[in-house]
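The values are calculated or read from the model by the stated rules, or taken from the named source; none is laboratory data. Keep in mind that what you see is a predicted model, and the values were worked out from it rather than measured. Glycine gets a Cβ as well: all are built from the backbone with ideal geometry, and neighbour counts include every protein chain shown.
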Amino acid sequence: MDVAFRKIDIDVYDEDALQDSELYEADSRDPAQVLGDARARQASVRSLLAKNDIAGALTAILENAPYGPNVEDAKTMSLQSLLTVLNSTKSTEIPAVIKSLSMDSQDTLMKYLYKGMAMSGWADSNASVLLSWHEKLTEIAGTGCIVRTMTDRRTV
Amino acid sequence: MPEVFSISQNPITAHAFNADRSQLAVSLNSNDAQILIRSGSEWVPTEMLTEHDKVITSIDWAPNSNQIVTASQDRNAYVWQQTPDPETGKIVWKPTLVLLRINRAATHVRWSPKEDKFAVASGARAIAICSFDPENNWWVSKLLKKPIRSTVLAVDWHPNNVLLAAGSADMKARVFSAYIKEIDERPAATVWGSKLPFNTICGEFTSAAGGWVHSVGFSPSGDVLAFASHDSSISIAYPGGPVYNIRMPTLPLVTLTWTSEDNIIAAGHDCQPIVFSGSDAGWQEIGTLDNGSYAAGSKAGAGSVGRLKAGAFATFRDADSRGQTSNGTTDTKLITIHQNTVTSVRPYAGVPGQITQVSTTGVDGKLVIWDTASVNALTGRMAAMSM
């Protein structure tokens with residue numbers, strides 16, 4: 001059977017199609033500014049890490065995390081900084097660090113964990129770290145946190 | 001102690017009681033609605049309402065006029081009335097077709113408080129407000145369309161018979177005016193507005209993390225709106241004032257009802273009714289109606305919470321760590337009474353504003369009647385949740 005018709009994007013022919021942008025509030029910041037913020041944050045994370053302030057570094061990344069279209073560079077940069085933090089945390093410290101985060105930050109952290117696992121080439125070197133953070137985060141924030149990662153259109 | 005009835009092996013899609021709670025209409029995930037009569041501690045099937053040719057999605061029973069309305073995926077709704085059969089003289093339920101004018105499934109239906117109108121939510125990005133046309137002896141509809149962008153999943157009437165709340169898959173909960181000139185008197189001004197022609201938008205709310213809005217409900221006074229969405233949260237909105245959003249650590253809630261002006265009971269994929277309490281100063285979750293020890297034969301041990309520790313997980317763990325293929329050795333029973341998603345919670349006893357009992361039905365085919373007063377803390381069991 002010819003199934004090519006299944007690949008036709010029928011939404012193109014629907015004037016009233018529901019657009020992704022209608023489902024969440026766009027980031028009011030300019031893409032260039034978002035990238036600048038991400039860069040500034042990367043530097044501050046480095047200095048916080050040097051002071052061994054894991055919770056502070058994590059909060060710095062997770063607050064005002066870049067989301068939405070056109071900010072791919074800033075997103076990748078944030079994920080990079082986040083992975084640095086995750087990798088430099090001792091596994092015994094993880095629960096205390098997670099508990100010190102706000103609910104918003106916990107939800108955003110879960111989004112980054114899934115993003116990290118989804119990036120091809122990245123997961124190989126970070127798999128065990130991502131999984132152990134995921135386990136601890138689910139214990140503290142519950143399955144609701146995972147559900148919010150799935151429903152939230154403000155993807156990081 | 002809640003009353004538990006096993007109605008069927010099939011999922012119960014919707015349930016509605018008559019005024020004195022002696023009869024029950026259910027749809028068992030099929031094209032037919034069944035009427036059950038209570039006899040002692042059992043529900044005995046009596047009549048079958050067969051007219052729809054696709055699955056029935058929602059049922060509502062008007063307490064005063066004793067009419068049943070059913071909505072289905074076949075894009076139709078029927079209003080059922082008890083009339084004597086012309087041949088046998090026996091009293092039977094007779095359907096009247098409703099001209100819905102929608103081209104997608106009807107998803108949810110509710111009678112208005114005065115029972116002179118009902119609202120049908122649908123996948124056609126529209127809500128049909130239906131009223132009776134005595135000249136032609138059928139129900140006609142007027143569509144609420146703007147600004148709905150996706151399937152409407154739930155509706156709820158304001159006590160003034162004019163305003164309607166709707167939750168939809170475009171992540172929004174909205175309050176509309178469903179004022180029909182021919183039958184409604186001009187409504188008094190409410191907190192939602194004073195001039196209310198048909199299709200006025202009186203409020204639009206969304207939860208921060210988005211998610212389909214599965215259920216909406218006006219408080220008994222009609223001054224507050226609550227909605228549950230698929231981001232595992234429940235929001236309580238005060239028009240022009242604060243919107244409180246409570247994020248749950250569990251799976252999403254899909255149905256809710258107000259039991260008083262400061263209490264809400266909601267349930268969903270976590271298989272138990274959760275109680276929320278608050279006022280315009282703030283809201284919080286205060287516990288569950290299911291204390292985890294009601295379900296017969298279950299082990300209410302620590303760590304056996306909800307679905308996390310449920311059968312599937314244990315099965316795979318055993319297979320992985322011990323090489324066991326446990327055939328029937330693992331206990332797949334949940335510690336809650338409902339063994340699967342609760343799809344509907346409705347007031348059972350009491351008056352609006354002072355509901356003393358609620359009824360729930362779910363995918364496990366059970367009907368449970370709960371006392372709203374016996375709230376158990378959830379916190380201890382939340383802490384026991386582990387992977």
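Among residues of region A:109-135 that are more than 15 Å from residue A:82 (Cβ to Cβ), those with a beta-carbon under 6 Å from a residue that is surrounded by fewer than 17 Cβ atoms within 10 Å (Cβ to Cβ) at least six positions away or on a different chain give the pairs A:135/B:387.
Can you say whether residue A:112 is surrounded by 14 or more Cβ atoms within 10 Å (Cβ to Cβ), of a type outside the set (S, T, N, Q) and in a loop (DSSP other than H, G, I, E, B), as far as the supplied structure shows? Give the derivation first.
On the way: surrounded by 14 or more Cβ atoms within 10 Å (Cβ to Cβ): yes; of a type outside the set (S, T, N, Q): yes; in a loop (DSSP other than H, G, I, E, B): no.
In short, no.
Taking the condition out of contact with any Cys (no Cβ under 8 Å at 6 or more places or on another chain) and hydroxyl-bearing (Ser, Thr, Tyr), does residue B:215 pass?
Working: out of contact with any Cys (no Cβ under 8 Å at 6 or more places or on another chain): yes; hydroxyl-bearing (Ser, Thr, Tyr): yes.
Against the criterion (out of contact with any Cys (no Cβ under 8 Å at 6 or more places or on another chain) and hydroxyl-bearing (Ser, Thr, Tyr)), residue B:215 qualifies.
Would you call residue A:4 of a type outside the set (Asp, Glu), within 14 Å of chain B (Cβ to nearest Cβ) and closer than 30 Å to residue B:151 by Cβ? In short, no. Every condition in (1) small (Gly, Ala, Ser); (2) in contact with a Lys or Arg (Cβ under 8 Å, 6 or more places away or on another chain); (3) more than 14 Å from chain A (Cβ to nearest Cβ); (4) surrounded by 24 or more Cβ atoms within 10 Å (Cβ to Cβ) is met by residue B:267 except one, and the failing one is (2). Taken over region B:74-106, the criterion of being surrounded by 21 or more Cβ atoms within 10 Å (Cβ to Cβ), over 19 Å from residue B:124 (Cα atoms) and of a type in the set (Val, Ile, Thr) is satisfied by B:79 alone. Listed by position, the strands (runs of 3 or more DSSP E) contained in region B:114-197 that have at least 1 residues being within 14 Å of chain A (Cβ to nearest Cβ) and farther than 29 Å from residue B:81 by Cβ are B:163-168, B:172-177.
What do you reckon, is residue B:119 within 23 Å of residue B:217 (Cα to Cα) and in contact with a strand residue (DSSP E or B) (Cβ under 8 Å, 6 or more places away or on another chain)? Show your work before the answer.
Working: within 23 Å of residue B:217 (Cα to Cα): yes; in contact with a strand residue (DSSP E or B) (Cβ under 8 Å, 6 or more places away or on another chain): yes.
Against the criterion (within 23 Å of residue B:217 (Cα to Cα) and in contact with a strand residue (DSSP E or B) (Cβ under 8 Å, 6 or more places away or on another chain)), residue B:119 qualifies.
I'd like to know if region A:64-74 contains one or more residues that are part of a helix (DSSP H, G or I) and polar (S, T, N, Q).
Of the residues in region A:64-74, the ones part of a helix (DSSP H, G or I) are A:72-74.
With the extra rule that they be polar (S, T, N, Q), the set shrinks to none.
There is no residue in region A:64-74 that is part of a helix (DSSP H, G or I) and polar (S, T, N, Q).
Here residue A:123 fulfils each of the conditions (1) more than 9 Å from every other protein chain (Cβ to nearest Cβ); (2) crowded, with 21+ Cβ neighbours inside 10 Å; (3) among the hydrophobic types (A, V, I, L, M, F, W, C) apart from (2). Looking at region B:107-114, is at least one residue surrounded by fewer than 19 Cβ atoms within 10 Å (Cβ to Cβ) and not charged (D, E, K, R)? Scanning region B:107-114, I find at least one residue that is surrounded by fewer than 19 Cβ atoms within 10 Å (Cβ to Cβ) and not charged (D, E, K, R), so the answer is yes.
Residues of region B:166-190 that are in contact with a Gly (Cβ under 7 Å, 6 or more places away or on another chain) and more than 14 Å from residue B:126 (Cβ to Cβ): B:171, B:173, B:175, B:190.
Here is a yes/no grid of residues against (1) among the aromatic types (Phe, Trp, Tyr); (2) outside any helix (DSSP H, G or I); (3) farther than 22 Å from residue B:211 by Cα:
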position	(1), (2), (3)
A:61	no, no, yes
A:81	no, no, yes
A:106	no, no, no
A:125	no, no, yes
A:129	no, no, yes
A:154	no, yes, no
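Could you tell me whether residue B:232 is at pLDDT 95 or above, crowded, with 24+ Cβ neighbours inside 10 Å, in contact with a helix residue (DSSP H, G or I) (Cβ under 7 Å, 6 or more places away or on another chain) and of a type outside the set (D, E, K, R)? It would help to see each step written out before you state the result.
Numbers: at pLDDT 95 or above: yes; crowded, with 24+ Cβ neighbours inside 10 Å: yes; in contact with a helix residue (DSSP H, G or I) (Cβ under 7 Å, 6 or more places away or on another chain): yes; of a type outside the set (D, E, K, R): yes.
Spelling it out, residue B:232 is indeed at pLDDT 95 or above, crowded, with 24+ Cβ neighbours inside 10 Å, in contact with a helix residue (DSSP H, G or I) (Cβ under 7 Å, 6 or more places away or on another chain) and of a type outside the set (D, E, K, R).
Among residues of region B:224-259 being closer than 17 Å to residue B:292 by Cβ and not aliphatic (A, V, I, L, M), the one that is nearest to the other protein chains (Cβ to nearest Cβ) is B:249.
Residue B:262: among the charged types (D, E, K, R) and within 14 Å of chain A (Cβ to nearest Cβ), yes or no?
Details: among the charged types (D, E, K, R): yes; within 14 Å of chain A (Cβ to nearest Cβ): no.
So residue B:262 fails the test.
Pairs are defined by a Cβ separation below 9 Å, a sequence spacing of at least 6 or placement on different chains, a first member in region B:79-92 that is free of Cβ contacts under 8 Å to residues at least 40 places away in the same chain, and a second member that is acidic (Asp, Glu) and loosely packed, with under 11 Cβ neighbours inside 10 Å; the pairs so defined are B:91/B:85. The single condition among (1) closer than 30 Å to residue B:169 by Cβ; (2) away from chain B (no Cβ under 14 Å) that residue A:97 does not meet is (1).
Restricting attention to region B:270-315 and to residues that are modelled with pLDDT of 60 or more, part of a loop (DSSP other than H, G, I, E, B) and over 18 Å from residue B:368 (Cα atoms), the residue that is nearest to the other protein chains (Cβ to nearest Cβ) turns out to be B:281.
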